[in-house]
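Here is the structure we will look at, set down as structure tokens.
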Amino acid sequence: MNEQEFAERLASEKCMLEAWGNFISSKVRACLKSELGDRYKGFLKMEANPRVKDLNSALNKAFVVKAGKYNHPYEDMEDKVGVRFVVLLNSHVDCVARAIESSAQGAWLFSKDLDYESKKSKKPNEFDKYQSLHYVLRSIEDFDFEGVTVKSNTPCEV
């Protein structure tokens, strides 16, 4: 795949990627609301809105930064769409993790790609500016969300 083909595919799938991100955000927020009840208000420190990777950023990552590391640049890039859940406390990070994992039921497969706690235990004297968990969620099967078909195996970084 060359840069032009990559760019065309990203443009053609933008609506699908946005729909996938919106679906994930809505499912996780619903799970958090259910678990937290009245404590949900103010729990998220900013809206959990998905964002589709900017074309120039995607091209730079696929063809410069990761050049030669991706066998299939478009398919291998897992953060073409992402959703960020920003919370205040470690215990809140754990609550979001539970929501991601419990909301998966039949909708997505997930892998934990970065875990602040395990990183900290391996390098306890290294300062990191924020504590985070990074997941990659992949749709299990094709489905329709808000009039858009989300293809199976579509990744989203959370």
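The values are calculated or read from the model by the stated rules, or taken from the named source; none is laboratory data. Predicted model, so just to flag it, every value in this text is computed and none were measured. Quick reminder, even Gly has a Cβ in these numbers, built from the backbone with ideal geometry, and neighbours come from all protein chains shown. With ligands, DNA and RNA removed, areas are computed over all heavy atoms of the protein, side chains included. Shrake-Rupley method; radii C 1.70, N 1.55, O 1.52, S 1.80 Å.
Among the residues of the stretch 41-56, are any polar (S, T, N, Q) and closer than 23 Å to residue 5 by Cβ?
Yes, that holds for at least one residue.
Looking only at the stretch 35-70, filter to residues that are over 15 Å from residue 11 (Cβ atoms) and among the basic types (Lys, Arg); which one of those is least open to solvent (accessible area, probe 1.4 Å)?
It comes out as 61.
Residues of the stretch 90-119 being at pLDDT below 95 and of a type in the set (Val, Ile, Thr), which ones?
If the condition is that a residue be at pLDDT below 95 and of a type in the set (Val, Ile, Thr), then 93 is the only one that fits.
One residue is enough: does the stretch 77-87 have a residue meeting the conditions out of contact with any Ser or Thr (no Cβ under 9 Å at 6 or more places or on another chain) and at pLDDT below 95?
No: the stretch 77-87 contains no residue that is out of contact with any Ser or Thr (no Cβ under 9 Å at 6 or more places or on another chain) and at pLDDT below 95.
Tell me which residues, restricted to the stretch 14-24, are crowded, with 19+ Cβ neighbours inside 10 Å and farther than 11 Å from residue 145 by Cβ.
Answer for the stretch 14-24, where residues must be crowded, with 19+ Cβ neighbours inside 10 Å and farther than 11 Å from residue 145 by Cβ: just 17.
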